[in-house]
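Chemist: Right, I'll just put the structure down here and ask away after.
The values are calculated or read from the model by the stated rules, or taken from the named source; none is laboratory data. Fair warning: this is a prediction, and the values are worked out from it, not measured in the lab. Cβ sites come from the backbone with ideal geometry, for glycine too, and all protein chains shown count toward neighbours. With ligands, DNA and RNA removed, areas are computed over all heavy atoms of the protein, side chains included. Shrake-Rupley method; radii C 1.70, N 1.55, O 1.52, S 1.80 Å.
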Amino acid sequence: MVQELADVDRILDKYQGRKNALIQVLLDIQAQNGWLPKPALIWVAERLGVPLSQIYQIATFYKAFSLVPLGRHIFQVCLGTACQVRGAKRLLDNVSSVLGIEPGHTDADQKFTLTTVNCLGCCALGPVMLVDGQYYSKPGIKDIEKIAASCD
Amino acid sequence: MSKLSSAAELKRFRQDVLSRRDPNKPCLSICLGTGCQACGGEKVYQAFAGEIRKQGLEAKVDIRRTGCHGFCERGPLVVIFPREICYLKVTPADVPEVVAKTLVEGKIVDRLLYTGEDGKKIVHEGDIPFYKHQSRIILGANRLVDPTRIEDYIALGGYSALARALFVMTPEEVLDEVKKSGLRGRGGAGFPTGVKWETTRNAPGEPKYVIVNADEGDPGAYMNRSVLEGNPHSVIEGLIIGAYAIGARQGFIYVRQEYPLAVANLTVALEQAREMGLLGANILGSEFGFDVAIHRGAGAFVSGESSALITALEGRVGEPQINYIRPAISGLWGKPTNMNNVETWANVPAIINKSAAWFSGIGTRGSKGTKIFSLVGKVNNTGLVEVPMGATLRQVIFDIGGGVPGGKKFKAVQTGGPSGGCLPAASLDLPVDFEELERAGSMMGSGGMIVMDEDTCMVDTARYFINFLSEESCGKCVPCREGLKQMLLIYNNICAGKGREGDIELLREIAEVMAEASLCALGTTAANPPLSTIKYFRNEYEAHIREKRCPAGVCKDLIRYYIVPEKCQACLLCAKSCPAGAISGDKGLVHVIDQSKCTKCGACLEACPSRFGAVTKISGKPAPAPVPAGTRVQKRK
């Protein structure tokens, strides 16, 4: 925990303790950690002099934040309109059945998290899935199985 | 890079960059926009870099990593200058041949070219129908610029508009030029840009702020992403010019964190601009100082709304505020604030360089210049399209987009994102500008254009948008929070075959109240999807409610999959693809779907070869009883 808080300190220092950088601070913690642990949030509240309630308000309002640990590999299925008309729902069903988890969930081993996103901004390729930063255009069920199998 | 301290130095720097370039030297421009990256563009780039090194051609060939070229459907895209040879769907395996044939011998690799409908191959990018009918004032620069190299942008005349504004024009003159150009906000509402600038400039209070709204949250639109990723300096230059005209010293770029490449390229671009004296104190040696900070949005559609975005910039939850007073008067920290969308800012340098008269010569009476659309969905040539305002939907969807794939019929086009509306085939000759779209019950929005074919259910589409908006509503005001919830319930019922008489009227009533009484544009424009689909596709609503039938065969509760015994070739393809094990049959034995096990995923329909066409969707009536077991034997033809 001491190590984690030192990391949080480094992030806070980057923004010179500016209150209005709160969202940026949380984004950095989320990126570094994969989620927002409570001790980190308490520490941010203390150092920035912002009420913890306000931090929770932000952490629960925005999609980018998670208050629970996520899986090591995140499957994001795009449900944007362009993907929707090209069968995003089917893709989501397929990913869900391959991973064995419902959208919004993480499996028991914390290996996979399945989430949906409203638009990944590569609408021409729909339906699109993003796994650990890699985009996949129109993956079939076999492709999804292969991708899942390649995750350690 | 050294600091440029006058307009003359900028000019000299540009001449210097140009003098080191041989216009006849081949240059590979490789698209590494997000779309092409998703198709393996990075591997193609690496393959080219490796092959050029291997053949010792480094001195003879330039290679450029660029942002999105627009024709995303056919990526990865490679354009070879100066001849503008355009290769589509290039793979690493093609690379040695392209280098040996095209770069060394000057010959064309036919199979990588665009093939026209008449079967003829098209060599030059500009001759491909997708590009031929466009006017790419903003997007065209993408393929000429490596977004991480400021000299590429300056070589194209970048920052010369800034120099002109700073040293030839007064802030008032810049303002006047933008006003005269007729530029309107490209973020959706279409407010005249110059007027907005003027209000901020004249508002009492210091300091003043300028903001780039790059929170492109519209599902189905990605033009801002492409401009930010591919040509960030065009946005930055526009922003500096705007700040000069308005009298701002500090700017912000609010960009979605879901666009990591845009954030990265913007960060590099800002650093370079600072190093070269294009940002910071005494820009280009003038009296004017200005700087920009990036703020990453954390993912909330409603935070793209101007008052919400300002609240988020202040470090609070990005919820819309009741603003009797406009941000132009009292915005960020209560100070006069001007916010424009990415595309709006990117238009500014061209207006200053080429004059208001030139800009207002393009477009329609009320809407000037060009507009970028993201042409996606059921259309052959998906990608980003930039056309003069007033181009018809038909020109965009058919001439540029190449129409609907698979011989299917065009049904509707959805414009303006979740706040927009769906327009039917009868609207295809509508000239696209702010007023015409609004008159037709839709809107420009940020420019998403989603094409739908006969397989799209318009009731389900409206439900999709209402579902999206109800998830994204901040819940602060009652009409939006409750209205969306109730509309979603009604839509879910209709799509599940539980619709009742009066539902259509109720939807209309709720939509109208929301349009009247919601706090921000998310709620007021949420009326568009229901109202436009009811207006143009009422018969589909009625079929769902009265006949419990989904004419497009989309709504799962109202359809069944059925294998036509006479057509079944007993090939087992559908049975193998069925994830639920609902299909029985064998080689030589006609297949049957067990309706009680079927999850209606549609895998069987996709698996059945189109020449057989044995799997069908039935809606509005029960599936015929399966053929009795004893008579199911059938030989393969």
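Chemist: For residues that are closer than 23 Å to A:Pro69 by Cβ, open to solvent by 80 Å² or more (accessible area, probe 1.4 Å) and at pLDDT 90 or above, tally how many sit in the range A:1-22.
Modeler: The qualifying residues number 1.
Chemist: Here is a further query. If a residue has to be under 22 Å from A:Ala124 (Cα atoms) and open to solvent by 20 Å² or more (accessible area, probe 1.4 Å) to count, how many in the range B:104-121 make the cut? Explain how you work it out, then say what you get.
Modeler: Taking the range B:104-121 and keeping what is under 22 Å from A:Ala124 (Cα atoms), we get B:112-117.
Keeping just the survivors that are open to solvent by 20 Å² or more (accessible area, probe 1.4 Å) gives B:114-115, B:117.
Residues meeting the conditions: 3.
Chemist: Related question: Name, by its number, the condition in (1) over 21 Å from A:Ala124 (Cβ atoms); (2) surrounded by 24 or more Cβ atoms within 10 Å (Cβ to Cβ); (3) in contact with a helix residue (DSSP H, G or I) (Cβ under 7 Å, 6 or more places away or on another chain) that does not hold for B:Gly230.
Modeler: All conditions are met except number (1).
Chemist: Further question: Note down all Cβ pairs under 6 Å where the first residue falls in the range B:207-232 and is within 20 Å of B:Ser29 (Cβ to Cβ), the second is of a type in the set (Val, Ile, Thr) and assigned to a strand (DSSP E or B), and they're at least six residues apart or on different chains.
Modeler: B:Met223/B:Ile372
Chemist: Right, something else. Residue check, A:Val25 against (1) open to solvent by 10 Å² or more (accessible area, probe 1.4 Å); (2) in contact with a helix residue (DSSP H, G or I) (Cβ under 9 Å, 6 or more places away or on another chain); (3) closer than 25 Å to B:Tyr259 by Cβ, all met but one. Which one?
Modeler: (1)
Chemist: If I ask for residues that are more than 9 Å from chain B (Cβ to nearest Cβ) and aliphatic (A, V, I, L, M), which ones from the range A:26-47 would you list?
Modeler: Once the filter is applied, which keeps residues that are more than 9 Å from chain B (Cβ to nearest Cβ) and aliphatic (A, V, I, L, M), the range A:26-47 yields A:Ile29, A:Leu36, A:Ala40, A:Leu41, A:Ile42, A:Val44, A:Ala45.
Chemist: Just one of B:Leu139, B:Leu77 is within 25 Å of B:Pro23 (Cβ to Cβ), within 14 Å of another protein chain (Cβ to nearest Cβ) and in contact with a Gly (Cβ under 7 Å, 6 or more places away or on another chain); which is it?
Modeler: On the way: B:Leu77 fails: in contact with a Gly (Cβ under 7 Å, 6 or more places away or on another chain).
Step by step, each of B:Leu139, B:Leu77 is checked, and only B:Leu139 is within 25 Å of B:Pro23 (Cβ to Cβ), within 14 Å of another protein chain (Cβ to nearest Cβ) and in contact with a Gly (Cβ under 7 Å, 6 or more places away or on another chain).
Chemist: Just give me the residues in the range B:110-128 being in a strand (DSSP E or B) and either within 17 Å of B:Phe81 (Cα to Cα) or β-branched (Val, Ile, Thr) (or both), in sequence order.
Modeler: B:Tyr114, B:Thr115, B:Ile122, B:His124
Chemist: Exactly one of (1) under 29 Å from A:Asn20 (Cβ atoms); (2) among the small types (Gly, Ala, Ser); (3) out of contact with any Ser or Thr (no Cβ under 6 Å at 6 or more places or on another chain) is unmet by B:Ala391. Its number?
Modeler: For B:Ala391, the exception is condition (1).
Chemist: Could you please find all residues in the range A:108-152 being facing chain B (nearest Cβ under 9 Å) and at pLDDT 95 or above?
Modeler: Hits for the range A:108-152: nothing passes.
Chemist: Just for the range B:447-472: of the residues that are within 11 Å of chain A (Cβ to nearest Cβ) and in a loop (DSSP other than H, G, I, E, B), which one is surrounded by the most Cβ atoms within 10 Å (Cβ to Cβ)?
Modeler: B:Cys457
Chemist: If you check B:Cys574, B:Cys578, B:Cys604, B:Cys608, which single one turns out to be at pLDDT below 90, buried (at least 17 other Cβ atoms within 10 Å of the Cβ) and not β-branched (Val, Ile, Thr)? It would help to see each step written out before you state the result.
Modeler: Working: B:Cys574 fails: at pLDDT below 90; B:Cys604 fails: at pLDDT below 90; B:Cys608 fails: at pLDDT below 90.
Just a single option satisfies the conditions, and that option is B:Cys578.
Chemist: Continuing with the same structure: Of (1) surrounded by 21 or more Cβ atoms within 10 Å (Cβ to Cβ); (2) of a type outside the set (A, V, I, L, M, F, W, C); (3) within 14 Å of chain A (Cβ to nearest Cβ); (4) not in a helix (DSSP H, G or I), B:Gly475 satisfies all except one. Which?
Modeler: Failed condition: (1).
Chemist: Okay, next question. Of everything in the range B:500-516 that's touching a residue at least 40 places away in the same chain (Cβ under 8 Å) and over 16 Å from B:Thr461 (Cα atoms), which residue is surrounded by the most Cβ atoms within 10 Å (Cβ to Cβ)?
Modeler: That would be B:Asp503.
Chemist: Residues of the range A:49-107 being within 17 Å of the chain's Cα centre (by Cα), more than 8 Å from chain B (Cβ to nearest Cβ), in a helix (DSSP H, G or I) and not aliphatic (A, V, I, L, M), which ones?
Modeler: A:Tyr56, A:Thr60, A:Ser96
Chemist: If you don't mind, there's one more thing I want to ask. Please count how many residues of the range B:330-354 are among the small types (Gly, Ala, Ser), in contact with a helix residue (DSSP H, G or I) (Cβ under 9 Å, 6 or more places away or on another chain) and more than 15 Å from B:Val292 (Cβ to Cβ).
Modeler: Looking only at the range B:330-354, we keep the residues that are among the small types (Gly, Ala, Ser), and these are B:330-331, B:334, B:346, B:350.
Within this subset, residues satisfying the condition of being in contact with a helix residue (DSSP H, G or I) (Cβ under 9 Å, 6 or more places away or on another chain) are B:331, B:346, B:350.
Next, from what is left, pick out any that are more than 15 Å from B:Val292 (Cβ to Cβ): B:331, B:350.
Adding up the residues that qualify gives 2.
Chemist: So which of B:Pro431, B:Pro424 ends up being away from every other protein chain (no Cβ under 14 Å) and touching a Phe, Trp or Tyr at 6+ places or on another chain (Cβ under 7 Å)?
Modeler: Of the residues listed, the single one that is away from every other protein chain (no Cβ under 14 Å) and touching a Phe, Trp or Tyr at 6+ places or on another chain (Cβ under 7 Å) is B:Pro424.
Chemist: Hey, another quick one. Residues of the range B:369-396 being open to solvent by less than 10 Å² (accessible area, probe 1.4 Å), within 21 Å of A:Val85 (Cα to Cα) and away from every other protein chain (no Cβ under 14 Å), which ones?
Modeler: Result: B:Leu393, B:Val396.
Chemist: Which condition from (1) open to solvent by less than 10 Å² (accessible area, probe 1.4 Å); (2) not in a strand (DSSP E or B) is the one that B:Lys101 breaks?
Modeler: The one condition B:Lys101 does not meet is (1).
Chemist: Kindly evaluate B:Gly70 against the criterion of being touching a Gly at 6+ places or on another chain (Cβ under 6 Å), at pLDDT below 95 and under 21 Å from B:Ala47 (Cβ atoms).
Modeler: So B:Gly70 does not fit the description; no.
Chemist: Still on this structure, I have one more. Report those strands (runs of 3 or more DSSP E) wholly inside the range B:298-411 carrying at least 3 residues which are closer than 22 Å to B:Gly158 by Cα.
Modeler: Qualifying strands (runs of 3 or more DSSP E): B:370-377.
Chemist: Being touching a strand residue (DSSP E or B) at 6+ places or on another chain (Cβ under 9 Å), open to solvent by 10 Å² or more (accessible area, probe 1.4 Å), within 14 Å of another protein chain (Cβ to nearest Cβ) and within 19 Å of B:Ser446 (Cβ to Cβ) narrows it down to one residue among B:Gly366, B:Gly304; which is it? Give the steps one after another, and end with the answer.
Modeler: Values: B:Gly366 fails: within 14 Å of another protein chain (Cβ to nearest Cβ).
Being touching a strand residue (DSSP E or B) at 6+ places or on another chain (Cβ under 9 Å), open to solvent by 10 Å² or more (accessible area, probe 1.4 Å), within 14 Å of another protein chain (Cβ to nearest Cβ) and within 19 Å of B:Ser446 (Cβ to Cβ) holds for just one of B:Gly366, B:Gly304, which is B:Gly304.
Chemist: State all residues of the range B:437-446 that are under 20 Å from the mean Cα position of the chain (by Cα), in contact (Cβ under 8 Å) with a residue 40 or more places away in the chain and more than 14 Å from chain A (Cβ to nearest Cβ); if no residue qualifies, say none.
Modeler: B:Met443, B:Met444 - these are the residues of the range B:437-446 that are under 20 Å from the mean Cα position of the chain (by Cα), in contact (Cβ under 8 Å) with a residue 40 or more places away in the chain and more than 14 Å from chain A (Cβ to nearest Cβ).
Chemist: Does the range B:238-260 contain at least one residue that is part of a helix (DSSP H, G or I), within 13 Å of chain A (Cβ to nearest Cβ) and either open to solvent by less than 30 Å² (accessible area, probe 1.4 Å) or not charged (D, E, K, R) (or both)? Break it down stepwise before answering.
Modeler: Filtering the range B:238-260 for residues part of a helix (DSSP H, G or I) gives B:238-246, B:260.
Still in the running and within 13 Å of chain A (Cβ to nearest Cβ): B:260.
Checking the rest, the ones that are also either open to solvent by less than 30 Å² (accessible area, probe 1.4 Å) or not charged (D, E, K, R) (or both) come to B:260.
Yes, because at least one residue in the range B:238-260 is part of a helix (DSSP H, G or I), within 13 Å of chain A (Cβ to nearest Cβ) and either open to solvent by less than 30 Å² (accessible area, probe 1.4 Å) or not charged (D, E, K, R) (or both).
Chemist: Something else about it: Any residue in the range B:28-45 that is at the interface with chain A (Cβ under 10 Å from one of its Cβ atoms) sitting within a Cβ distance under 6 Å of a residue that is surrounded by fewer than 24 Cβ atoms within 10 Å (Cβ to Cβ)? List the pairs, counting only those 6 or more apart or interchain.
Modeler: Close Cβ pairs (under 6 Å, with a partner that is surrounded by fewer than 24 Cβ atoms within 10 Å (Cβ to Cβ)) amount to B:Ala38/A:Tyr135; B:Ala38/A:Ser137.
Chemist: Scan B:Leu531, B:Leu489, B:Leu522 and give me the residue that is open to solvent by less than 20 Å² (accessible area, probe 1.4 Å) and not hydroxyl-bearing (Ser, Thr, Tyr). Walk me through it before giving the result.
Modeler: Values: B:Leu531 fails: open to solvent by less than 20 Å² (accessible area, probe 1.4 Å); B:Leu489 fails: open to solvent by less than 20 Å² (accessible area, probe 1.4 Å).
Checking each option against the conditions leaves just B:Leu522.
Chemist: So for the range B:151-159 (the condition being under 20 Å from B:Val210 (Cα atoms) and outside any helix (DSSP H, G or I)), does at least one residue qualify?
Modeler: yes
Chemist: Identify, please: which residue in the range B:151-187 is at positive phi and open to solvent by 10 Å² or more (accessible area, probe 1.4 Å) and is, among those, farthest from the chain's Cα centre (by Cα)?
Modeler: The extreme case among them is B:Gly157.
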